[in-house]
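Reviewing the structure listed below.
The values are calculated or read from the model by the stated rules, or taken from the named source; none is laboratory data. Just so you know, these numbers come straight off a predicted model, no measurement behind them. So basically every Cβ, Gly included, is an ideal-geometry build from the backbone, and we count neighbours across all protein chains shown. These area figures cover heavy atoms from the full protein model, side chains too; ligands, DNA and RNA do not enter into them. Shrake-Rupley method; radii C 1.70, N 1.55, O 1.52, S 1.80 Å.
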Amino acid sequence: MEIKTAQFVISNTDVAKCPPPTLPEFAFIGRSNVGKSSLINMLCERKDMAKTSSKPGKTQLINHFIINKNWYLVDLPGYGYAKVSKDLKEKWNSFIEQYLVNRQNLMCVMVLLDSRIPQQKIDLEFMDWLGENEIPFVMVFTKIDKLSKLKISANINSYKNEMGKHWDELPQCFYTSAEKKEGKDELLQFITKANKLFKNL
Ligand code: GTP
Ligand code: MG
């Protein structure tokens, strides 16, 4: 897929106020600072479409973008950011959860995982929660440019091993670097295929 147009549509904290669920949708989520907004900009070849920052907690709303006028891409706030207050954390968790559980046109959640570090409890718990709620997801490893290949594959394998302990089948995995523009074609191909399924629903 070639991305011809990518436009911001709306930001909010209420799934009921999201755009009408008439197009297939893909949501990008993961721990704060994992590289969600950077990956979105890399996929769309836009420098600053999704706001990025070296400080965690930059994205705080459900942000809808419309791509090629035929699918939605959603940038979500990160989870697990220790510095926000408990109240704010609970509020975020609740609107993200409402969005994930209730959004009818959500084709797949792209769970971003930082390849610089071994498997984290919070990510494994989040993926278990998606599974329990029958929400389809894939694993997208980010920042693969950062460490040596050997260290990156050790970290990725630690996720796969842990997931393998309680999942019969591993979700599909993608390996990306927003910096080096890696993994773009694979992700866009996956989205193209899923979009075709939406048309057949
Ligand atoms: P929140 O919105 O705060 O949850 O963060 P986010 O997950 O959207 O992360 P963001 O895209 O803002 O990136 C966080 C930091 O990681 C920024 O300083 C980016 O420049 C850096 N970063 C993101 N992707 C990559 C990558 O592929 N390689 C490298 N080296 N750095 C990256
Ligand atoms: Mg962000």
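Couple of notes before you dig in:
Condition check ((1) acidic (Asp, Glu); (2) free of Cβ contacts under 8 Å to residues at least 60 places away in the same chain; (3) closer than 18 Å to PRO77 by Cα; (4) touching a Gly at 6+ places or on another chain (Cβ under 6 Å)) across all residues:
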| residue | (1), (2), (3), (4) |
| --- | --- |
| ALA6 | no, no, no, no |
| ILE10 | no, yes, yes, no |
| ALA16 | no, yes, yes, no |
| PRO24 | no, no, no, no |
| ARG31 | no, no, yes, yes |
| ILE40 | no, yes, yes, no |
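- PHE95 vs. criteria in contact with a strand residue (DSSP E or B) (Cβ under 9 Å, 6 or more places away or on another chain), within 26 Å of GLU179 (Cβ to Cβ) and either in a strand (DSSP E or B) or modelled with pLDDT under 90 (or both): no
- Residues that are open to solvent by 10 Å² or more (accessible area, probe 1.4 Å) and touching a Cys at 6+ places or on another chain (Cβ under 6 Å) were ranked within the stretch 1-32; the one that is farthest from ligand 1 (Cβ to nearest atom) is ILE3.
- Yes/no for GLY131 being more than 29 Å from ASP14 (Cβ to Cβ) and in a helix (DSSP H, G or I): no
- Residues of the stretch 33-83 that are open to solvent by 50 Å² or more (accessible area, probe 1.4 Å), touching a Ser or Thr at 6+ places or on another chain (Cβ under 7 Å), at pLDDT 80 or above and farther than 16 Å from SER177 by Cα: LYS51, LEU61, LYS69.
- The test for being over 17 Å from the mean Cα position of the chain (by Cα), at pLDDT 95 or above, open to solvent by 30 Å² or more (accessible area, probe 1.4 Å) and more than 16 Å from ligand 2 (Cβ to nearest atom) holds for LYS151.
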